[in-house]
Amino acid sequence: MPTSYPNSPTLRPKPRRGWSLIVLLAGISTVGCSAWRVEDVPVAEVIDRDRPEVLRVTRIDDSFLPVYDPVIVRNSLRGLPTARAVNGISISLGDIRSVATKHFSFGKTALLVLASAGGLVVFDLLQSVNEPTAGF
């Protein structure tokens, strides 16, 4: 019967590094890379055409705020200041300099996933170099 030595490198279980890669890639895929794109058409046309969940509104004083579930009512933009807000906000269309919509970027997301996977591979290789061998 073989003798078990607690400090022996050959008898210690190897950590499962594959799971860290899966968790990282799953987290990146749910977040993804998105960017705000400034629209060059009127606010009403953006809402009718895209039906966005959120708009980033830039006012004439250069302040900006998100507007969730935006709708045009008469000559104002109405919506919610956060995704879970109860009280709405209203901004006069004359006070709006521009609006931006959020768009998903496949290229940025693919680059982020590849860079993260490459980093994990390099880390794994460096860890395997540092592990003691069974013969010493």
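FYI, it's all coordinate maths here, none of it is from the lab. What you see is a predicted model; the values in this text were computed from it and never measured. Glycine gets a Cβ as well: all are built from the backbone with ideal geometry, and neighbour counts include every protein chain shown.
Numbers at a glance
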quantity	calculated
Student exercise, the stretch 41-136 dipole from Lys, Arg, Asp, Glu Cβ charges, in Debye to nearest 20	340
Of the GluC sites (Glu not before Pro) in the stretch 30-136, those whose Cβ has at most 15 other Cβ within 10 Å and which sit in DSSP loop	E53
Net length gained if the chain between L111 and S92 were fully extended (0.36 nm per residue, minus Cα distance)	2.8 nm
Whole-number Å³ per residue for the convex hull built on Cα positions in the stretch 33-125	124
